[in-house]
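**Student:** Pasting a structure here, questions to come.
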């Protein structure tokens with residue numbers, strides 16, 4: 001089997017000086033373990049945070065370990081009552097052609113006729129982050145204004161569409177005119193700001209005349225500060241990620257406009273999608289219903305081959321992607 | 001009557017170049033208005049924020065207007081059914097010897113035998129900020145670790161004592177050894193960090209081995225950042241004020257460690273005491289019970305004379321005070 005292991009803690013974008021592609025024997029399964037062959041790997045910004053030193057919601061990946069990553073594949077050998085050979089599973093195999101899985105929180109057995117790529121783009125962790133982050137943490141009300149950054153990304157594009165379904169005015173922030181056009185013309189956003197060519201603070205004033213009630217933040221940095229400056233009374237900031245600062249090597253600057261949280265009774269709150277595990281069924285049932293009704297659309301960028309994982313991950317930070325970035329390790333059977 | 005009016009927006013600490021003491025005739029009362037003679041004025045950091053341009057939870061004080069401030073006094077003339085001459089009221093008379101009051105949210109009629117100075121220090125807005133901010137926003141649980149800054153101040157010293165009553169481990173952060181000694185030796189805090197002589201981040205690691213579950217922030221600035229660095233999983237940051245930055249003239253630096261709110265599922269939330277108006281009775285009844293049981297102590301610094309208001313307000317920012325700063329405008333009758 002092949003795997004990509006961490007060789008040193010990266011600074012900035014990931015490079016082949018930080019990771020190495022290795023060939024190694026298949027692991028011997030202990031009692032309670034099964035082996036999955038990986039078909040697709042999900043590129044998520046949080047993978048980059050796992051490579052840094054320091055404790056997050058999961059331990060850091062250690063030097064010499066396979067880069068942690070979620071993915072989908074079939075069970076090919078089993079020493080675990082929970083899985084039979086042939087089962088389709090969604091787990092954390094890492095950047096590898098095969099991964100060991102157990103009957104735990106990190107592995108879900110899927111219906112055998114689950115369409116795999118939509119599972120990566122919308123009916124899996126990405127969709128759950130958008131659904132629970134927006135609805136449970138942000139609590140948008142009809143008529144309110146919702147702003148979402150990385151609006152052309154996998155999570156952001158879903159957040160905006162769910163906010164529209166919830167009856168909100170939705171303004172995206174994205175890094176290209178093409179992404180802005182996609183979310184406004186195809187996904188129904190009410191507006192979108194190109195943060196590379198426009199003054200975000202000024203455009204927020206124009207596009208959000210009643211200010212911002214909910215901000216779903218994927219980027220952090222100066223954009224978070226600008227939206228805090230436009231926050232409405234009792235505004236909520238949902239912290240999903242901070243792709244603008246994950247690659248910073250120094251201490252990142254904080255949002256000075258956090259002061260508005262005081263005078264405007266605001267709330268800024270982080271969340272971890274895995275905490276909603278026991279409600280994933282509710283979420284995916286709802287997302288599938290909306291998709292069947294034509295209310296949810298998504299895009300994906302398929303990248304071919306395990307060795308493309310570092311490039312594929314970096315796309316999230318350079319903004320090269322629109323929609324979900326998925327690495328295809330082997331063809332679907 | 002005498003009043004202190006705003007002449008220009010202050011930069012940094014308030015000076016007599018920013019405000020002017022003027023003598024003017026008593027106002028003519030319109031229908032629905034009454035006149036209070038001011039006895040005590042409450043020095044609160046929020047007064048400083050009202051002098052800045054820009055919208056907060058109340059409009060900014062305009063140039064030429066009396067500096068807004070809460071205080072206590074007696075009704076001496078009335079054209080309002082709600083108040084009779086002689087009534088004791090707590091209202092927003094401003095920095096003045098007399099103030100116009102109405103039957104609205106900003107005025108409360110008090111029992112005639114209310115002890116006035118404890119009303120300023122603990123059974124008024126200060127106590128309500130500590131009570132609702134800690135219990136309703138921070139939601140401390142028994143056994144958790146609570147940290148409070150400006151621990152030697154009026155609000156902070158109450159927050160720590162209420163957190164002890166709630167069964168928490170309590171660590172203060174204050175600006176002098178005397179203040180630290182007061183809160184640990186007399187108020188029962190488990191520890192206190194002198195931020196002027198100690199490394200706050202390092203001392204937090206030593207004094208909060210299980211990290212910080214609730215941080216009640218009165219200061220903002222680098223101390224907020226240090227505590228965010230020590231935040232526990234599902235930690236809550238209650239934003240009450242930011243005396244370290246209210247006097248900043250430039251854009252204040254933000255807390256870079258806000259990133260921990262993501263990986264640790266944290267929440268940072270502001271609140272406005274006035275929003276709890278309909279529960280003030282509950283709060284003051286509880287605070288009085290605790291005081292009668294010997295569980296709450298407080299200190300005040302009495303400053304004599306309306307013309308001392310600017311100096312008295314500045315004490316909050318230079319750290320000259322321990323406990324509540326109250327300006328006595330006239331002697332109690």
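The values are calculated or read from the model by the stated rules, or taken from the named source; none is laboratory data. If you're wondering where the values come from, they're calculated on a predicted model, not measured in any experiment. Positions of Cβ are generated from backbone atoms using ideal geometry, with glycine treated the same way; all protein chains shown enter the neighbour counts.
**Student:** Would you mind finding the one in A:319, A:241 that is under 16 Å from the mean Cα position of the chain (by Cα) and buried (at least 23 other Cβ atoms within 10 Å of the Cβ)?
**Tutor:** Testing whether each residue is under 16 Å from the mean Cα position of the chain (by Cα) and buried (at least 23 other Cβ atoms within 10 Å of the Cβ) leaves just A:241.
**Student:** Okay, moving on. Taking residue B:258 and the conditions (1) touching a strand residue (DSSP E or B) at 6+ places or on another chain (Cβ under 9 Å); (2) at pLDDT below 95; (3) more than 18 Å from residue A:261 (Cα to Cα), which numbered condition does it fall short on, given that it satisfies the others?
**Tutor:** That leaves (3) as the condition not met.
**Student:** For segment B:46-70, which positions are crowded, with 19+ Cβ neighbours inside 10 Å and in contact with a helix residue (DSSP H, G or I) (Cβ under 8 Å, 6 or more places away or on another chain)?
**Tutor:** Scanning segment B:46-70 gives B:47, B:48, B:49, B:61, B:67, B:68, B:69, B:70.
**Student:** Right, here's the next one. Of the residues that sit in segment B:93-121 and are assigned to a loop (DSSP other than H, G, I, E, B) and modelled with pLDDT of 95 or more, which one is surrounded by the fewest Cβ atoms within 10 Å (Cβ to Cβ)?
**Tutor:** Ranking the candidates gives B:97 first.
**Student:** To continue, here is another question. Within segment B:262-269, identify whether any single residue is under 21 Å from residue B:114 (Cα atoms), at pLDDT 90 or above and buried (at least 20 other Cβ atoms within 10 Å of the Cβ), and answer yes or no.
**Tutor:** Within segment B:262-269, not a single residue is under 21 Å from residue B:114 (Cα atoms), at pLDDT 90 or above and buried (at least 20 other Cβ atoms within 10 Å of the Cβ).
**Student:** Please find, within segment B:264-300, the residue that is nearest to the chain's Cα centre (by Cα) out of those that are over 27 Å from residue B:41 (Cβ atoms) and within 14 Å of chain A (Cβ to nearest Cβ).
**Tutor:** So, considering only residues that are over 27 Å from residue B:41 (Cβ atoms) and within 14 Å of chain A (Cβ to nearest Cβ), the one nearest to the chain's Cα centre (by Cα) is B:269.
**Student:** Also: Quick test for you: out of A:54, A:64, pick the one residue that is in contact with a strand residue (DSSP E or B) (Cβ under 9 Å, 6 or more places away or on another chain), assigned to a loop (DSSP other than H, G, I, E, B), more than 21 Å from residue A:302 (Cβ to Cβ) and free of Cβ contacts under 8 Å to residues at least 60 places away in the same chain.
**Tutor:** On inspection, the qualifying residue turns out to be A:64.
**Student:** Another question about this same structure. Given the conditions (1) in a helix (DSSP H, G or I); (2) surrounded by fewer than 17 Cβ atoms within 10 Å (Cβ to Cβ), and given that residue B:280 satisfies all but one, which numbered condition is not satisfied?
**Tutor:** (2)
**Student:** Still on this structure, please answer the following. If you check B:221, B:235, which single one turns out to be within 14 Å of chain A (Cβ to nearest Cβ), surrounded by 21 or more Cβ atoms within 10 Å (Cβ to Cβ) and in contact (Cβ under 8 Å) with a residue 12 or more places away in the chain?
**Tutor:** Only one candidate qualifies: B:235.
**Student:** I would also like to ask the following. Given the residues B:202, B:186, B:144, which is the only one that is in contact with a strand residue (DSSP E or B) (Cβ under 7 Å, 6 or more places away or on another chain), over 19 Å from residue B:241 (Cβ atoms) and modelled with pLDDT of 95 or more?
**Tutor:** It is B:144.
**Student:** For residue B:313, work out the one condition from (1) within 14 Å of chain A (Cβ to nearest Cβ); (2) assigned to a helix (DSSP H, G or I); (3) buried (at least 20 other Cβ atoms within 10 Å of the Cβ) it doesn't fulfil.
**Tutor:** Answer for residue B:313: the failing condition is (1).
**Student:** Could you tell me whether any residue of segment B:265-281 is out of contact with any strand residue (DSSP E or B) (no Cβ under 9 Å at 6 or more places or on another chain) and more than 30 Å from residue A:138 (Cβ to Cβ)?
**Tutor:** yes
**Student:** Among (1) touching a strand residue (DSSP E or B) at 6+ places or on another chain (Cβ under 6 Å); (2) within 27 Å of residue A:267 (Cβ to Cβ); (3) surrounded by fewer than 15 Cβ atoms within 10 Å (Cβ to Cβ), there is one condition residue B:139 misses while meeting the rest; what is its number?
**Tutor:** Here residue B:139 clears every test but (1).
**Student:** Looking at residue B:73 and the list (1) under 20 Å from the mean Cα position of the chain (by Cα); (2) assigned to a loop (DSSP other than H, G, I, E, B); (3) more than 14 Å from chain A (Cβ to nearest Cβ), which single condition is not satisfied?
**Tutor:** Unmet condition: (2).
**Student:** Residue B:204: surrounded by 22 or more Cβ atoms within 10 Å (Cβ to Cβ), within 23 Å of residue B:170 (Cβ to Cβ), touching a helix residue (DSSP H, G or I) at 6+ places or on another chain (Cβ under 8 Å) and within 11 Å of another protein chain (Cβ to nearest Cβ), yes or no?
**Tutor:** For residue B:204, the condition - surrounded by 22 or more Cβ atoms within 10 Å (Cβ to Cβ), within 23 Å of residue B:170 (Cβ to Cβ), touching a helix residue (DSSP H, G or I) at 6+ places or on another chain (Cβ under 8 Å) and within 11 Å of another protein chain (Cβ to nearest Cβ) - is not met.
**Student:** Here are some conditions: (1) in contact with a strand residue (DSSP E or B) (Cβ under 9 Å, 6 or more places away or on another chain); (2) within 14 Å of chain B (Cβ to nearest Cβ); (3) closer than 30 Å to residue A:98 by Cα; (4) assigned to a helix (DSSP H, G or I). Residue A:243 meets all but one. Which one does it not meet?
**Tutor:** Only one criterion is unmet by residue A:243, namely (4).
**Student:** Here's a follow-up. Could you tell me which of the residues A:40, A:90, A:83 is assigned to a loop (DSSP other than H, G, I, E, B), more than 14 Å from every other protein chain (Cβ to nearest Cβ) and touching a strand residue (DSSP E or B) at 6+ places or on another chain (Cβ under 7 Å)?
**Tutor:** Answer to the check: A:83.
**Student:** Suppose we filter segment B:246-261 for residues that are buried (at least 22 other Cβ atoms within 10 Å of the Cβ) and assigned to a helix (DSSP H, G or I); how many remain?
**Tutor:** Looking only at that region, the number is 4.
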